[in-house]
Amino acid sequence: MTILHTISRSPSSALLASCASLLASGDAVLFIEDGIYHCSDNKALSAIEALVKLYVLREDLMARGMLGKNLADAEIVGYDAFVELCCEYDKVVSWF
Amino acid sequence: MSDKAANNAPLKKSITFISRSAPYGRDNSQLCLEMALACAVFEQNVNYVFLDDGVYQLVGAQNASAIDAKTLGNALETLELYGIENICVDEDSLNQRNLMAKDLLGEFKLVNRSLITALIRQSDCVFNL
Amino acid sequence: MKFSIVIYAAPYSSEAAATALRFTKTLLDQGHELYRLFFFGDGVHNANRLSVVAQDDKNIQQAWDELIKTRGLDSVICVSSAIKRGIVDETESQRYELNAVSAYDSSEISGLGQLVDATLHSDRVVNFG
């Protein structure tokens, strides 16, 4: 069963390390709210991007002026895709 | 439970709780416990995992009367009373916080991350707070 | 697909409640079914009908109320979280002789059994906190 993980706090929360330690191949991580700041640092994400698909929520990037600063290999998605991803993966685990 | 429950939903699911917050500072640990106990009352398959700061909930000799709160350590004993048998503690989280098994309220099953990964993968639903 | 949404966050103090609101609207617009909204912990503040905001601010509680009414959603506020935070409906107000009602009548005040029921009846449970 594949899992969509959402992370909604900034890198200082250390949520990514905990989430990353529980990822399995085929899972995905979606960055939302302050979690989008993870995507301005591609080094932090390089450890997991080979294993899982990365997504980041467009609205939260836009709000924070970070739309052009998505340096990671994360696909920018809107709310429609957020819902679709929740359907595509077997369950959703939220990190907040 | 609900009058909406007339359709053919499964009667039992496997539900995993990842209790990841320290006690008292926020109420996440309390909320997580309440949800798990409710699931146990309705006879669900409940797994309870202490991860990250959540392991601080297990430190012995808590006395929350000093801060006008209920001692969470006592409440955790109710997990087993409610029939929640699969209670596990992430060993890395203990090590990172210089906690040893002897510092804890009781004896717990220590597990590694790969076991927790497997647990959440095979669960129908995961609550993580 | 059948969703249930659990909201742990109060409006305004974090973005989570607003995210949950946008997510809920989107899934309904896509034609998915919402089995239940469940407001838990500080999330119960989303049902406070006494909120007033500045003219250029979005009133999140009012937006939930409108969404719940126009789409005919099943919305539950956890009773143990609600009454200690002063979120009471007519029934709770009378029970505790409070002479005031602070909860929107579009949500029902009920217990955690409704969350267990939602977990059993939903394909996806999505948490916002």
- Query: Across the stretch C:77-93, in residue order, what do the Karplus-derived ³J(HN,Hα) couplings come to in whole Hz, using 6.51 cos²θ - 1.76 cosθ + 1.60 with θ = phi - 60° and x for Gly and Pro?
  - Reply: 9, 5, 5, 5, 6, 6, 5, 6, 9, x, 9, 10, 9, 4, 5, 5, 4
- Name the shape class, rounded, prolate or oblate, that the alpha-carbon gyration tensor gives for the stretch B:14-128, where a ≥ b ≥ c are the square roots of its eigenvalues, rounded holds for a/c under 1.5, and otherwise prolate holds if a/b is larger than b/c and oblate otherwise. oblate
- Note on the structure: With the charge dipole of the stretch C:43-84 built from beta-carbon charges (+1 for Lys and Arg, -1 for Asp and Glu) about the Cα centre, the Cα from C:70, C:54, C:81 projecting farthest to the positive end belongs to C:81
- Sorted largest first, the C-alpha extents of the protein assembly as shown along its principal axes in whole angstrom are 52, 51, 44
- Hey, can you grab everything whose amide H is under 5 Å from the amide H of residue C:108? Only 5+ residues off in sequence or another chain; H modelled, so Pro and N-termini drop out. C:75, C:76, C:77
- Item | Order of A:95, C:64 under a 10 Å beta carbon neighbour criterion, fewest first | A:95, C:64
- Task: Starting from 0 in steps of 5 Å, tell me what percent of the Cα-Cα pairs of the stretch C:2-128 lands in each bin.
- Result: 2, 12, 22, 25, 20, 11, 5, 2, 0
- Excluding residues fewer than 8 places away in the same chain, name every one of the aspartates and glutamates whose C-alpha is closer than 15 Å to that of residue C:2. A:84, A:88, A:90, B:124, C:29, C:33, C:74, C:117, C:123
- Task: Per DSSP H run of at least 4 residues, take -39500 (n - 2.57); add these up for chain B, divide by its residues and hand me the 222 nm value, nearest 500 deg cm²/dmol.
- Result: -9000 deg cm²/dmol
- Give the cross-link partners of residue A:43 among the aspartates and glutamates, using a straight C-alpha distance below 19 Å as the criterion and excluding same-chain residues fewer than 8 apart. A:34, A:73, A:75
- Beta bridges per DSSP with both ends in chain B, % antiparallel, nearest 5: 5
- Note on the structure: Where a ≥ b ≥ c are root eigenvalues of the Cα gyration tensor, a/c under 1.5 meaning rounded, otherwise prolate if a/b exceeds b/c and oblate otherwise, chain A counts as oblate
- Query: Counting Lys and Arg as +1 and Asp and Glu as -1, each charge on the Cβ, what is the dipole of the protein assembly as shown about the Cα centre in debye, to the nearest 20?
  - Reply: 280
- Note on the structure: Going from the fewest other Cβ atoms within 10 Å to the most, one would list A:5, C:32, C:121 as C:32, C:121, A:5
- Item | Surrounding net charge for residue A:77, when Lys and Arg each add one and Asp and Glu each subtract one, Cβ distance under 11 Å | -3
- Is there a pair in B:102/C:84; A:91/C:69; B:12/C:25; B:13/C:25 whose C-alpha atoms are over 31 Å apart, and which pairs would that be? B:102/C:84
- So what's the back-of-envelope 222 nm ellipticity for chain A, counting only DSSP H runs of four-plus at -39500 (n - 2.57) apiece and dividing by all residues, rounded to 500? -8000 deg cm²/dmol
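Read-outs throughout are calculated quantities, based only on the coordinates presented, and are distinct from any laboratory measurement. Model, not experiment: these values are computed from the prediction. We place every Cβ from the backbone using ideal geometry, glycine too, and count neighbours over all the protein chains shown.
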